[in-house]
Amino acid sequence: MQGAPPVLPDPDAQAIERCRAGEVDAFADVVERHQAAVYGTALRLLGDREAALEVANTAFYKAYRALDSIDLDRPLRPWLLRIATNEALNHLRREGREARQTLAGEAGRTALESLVAERADPAAGALAREQREAVQRALDALPPAYRAVAVLRYLHDLSYAEIADQTGLPTNTVGVYLLRARDQMRKALAAEGVSAHDLS
Amino acid sequence: MTCPDDARLDYWLDEALAEAEAAAIAAHVADCPRCAVRRLTRLTEERLWQAALALDGAELAYLARANLAAAWRTAAAPAVAQGAPLAHWLAALAVFGGVAAYGAWSTALPAVGEGAGWLSRLGLVGIGLSWLLGQLWDAGSAIDLLVPGDPTLLLAAASFALWLFVARPWVLVRTD
């Protein structure tokens with residue numbers, strides 16, 4: 001007779017329980033598991049690596065301080081992404097700017113490192129660097145609210161309902177924002193001569 | 001059914017439409033070559049954007065160098081140290097023991113020339129120091145409760161006072 005398959009323990013829930021017991025070190029495991037998602041969200045929203053790192057750090061600190069209020073039956077990542085998204089949008093509001101990469105400074109270094117990385121890992125270069133940069137520029141040109149919705153959709157593959165949960169927007173508004181974001185991105189990419197056909 | 005407009009097609013691909021409408025569009029796209037091409041174009045575009053937004057090798061390397069998790073591993077160290085003050089106590093005890101031993105030796109030194117009587121005097125000093133040490137150790141535990149923070153500084157100060165009292169170093173520099 002076969003019993004029910006064993007339920008694997010959720011590593012996030014385990015780590016949070018250890019944190020609640022005073023083991024600060026356990027939160028490092030949470031950070032390691034989710035840092036790419038949190039940092040990626042901040043980076044795509046801000047377009048600046050150092051600012052994204054600062055936002056990711058702040059998001060993790062805020063999450064740690066709110067550990068007691070976490071519902072362990074729900075997945076941790078959406079909650080972390082919500083904090084990171086809000087932090088990044090707050091950062092944009094504080095700075096009063098829409099982060100835009102230029103080919104000087106940070107973006108120049110990124111481009112150079114991308115070249116090195118592509119040589120080391122040919123798979124990473126599958127998507128032409130120019131296309132990546134064009135998409136990032138098109139994203140940067142969006143209003144912050146549209147950008148947040150687009151990042152959650154295309155970076156994290158979230159559904160409308162999940163994006164609504166992350167951003168606090170009504171689901172219908174998410175749909176409208178995403179529609180407008182796509183429309184503006186298509187126009188921006190078309191103006192740069194980048195289209196979906198280039199990929200195929 | 002006529003061809004859906006761009007917005008309906010996007011909503012359909014995003015699985016954001018009601019079941020009945022989604023089924024109708026799916027049936028239409030299956031039969032309409034133009035909409036089939038539109039669908040493929042949309043999917044390709046989505047793939048392009050997803051690939052463009054994913055962290056690339058250089059961005060992942062930058063994140064790895066930043067080592068965000070390290071702050072949390074470092075933060076654990078003080079918490080562990082706060083829970084283990086035994087090392088502080090042992091260090092204070094070593095200082096106190098050294099000072100007390102020096103004091104005992106300094107007290108006994110002048111008696112060496114007086115013959116066999118010094119042994120009993122040294123014994124008395126030793127007993128006295130042991131008693132004092134015990135008292136201070138007990139006092140240290142009480143002080144630990146009364147004084148917030150680390151009481152080892154207080155114990156070290158007590159050791160120094162004891163040394164002054166027993167060794168009387170000013171005697172050594174008197175010239176008269």
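In table form, for the structure just shown:
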| read-out | value |
| --- | --- |
| FRET efficiency estimate (nearest 0.05) - Cβ-Cβ, residue A:67 to residue B:95, R0 30 angstrom | 0.15 |
| Cα pair count fraction exceeding 14 Å, expressed as % - the range A:9-98 | 62 |
| Two-site FRET efficiency, residue A:186 against residue A:23, from Cβ-Cβ distance with R₀ of 45 Å, rounded to 0.05 | 0.40 |
| Exercise: per-residue mean of other protein chain Cβ atoms within 10 Å, A:23-32 | 6 |
| The range A:9-98, relative contact order [Cα under 8 Å, separation at least 6], % | 30 |
| Top positive-direction residue, dipole computed over the range B:6-54 with Cβ charges, set B:22, B:35, B:54 | B:35 |
| Size of charge dipole - the range A:128-200 - debye, nearest 20, with Cβ of Lys, Arg +1 and Asp, Glu -1, no other charges | 160 |
| Longest to shortest principal axis, alpha-carbon extents of the range A:128-200, angstrom | 34, 19, 17 |
| Modelled FRET efficiency - R0 25 Å, residue A:145 with residue B:64, Cβ distances, 0.05 increments | 0.20 |
| Label point distance in nm, residue B:157-residue B:1, each placed 7 Å from Cα along Cα→Cβ | 8.5 |
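Bear in mind that the values in this text are calculations on the coordinates, not laboratory data. Predicted model only: the values in this text are computed from it and were never measured. Quick reminder, even Gly has a Cβ in these numbers, built from the backbone with ideal geometry, and neighbours come from all protein chains shown.
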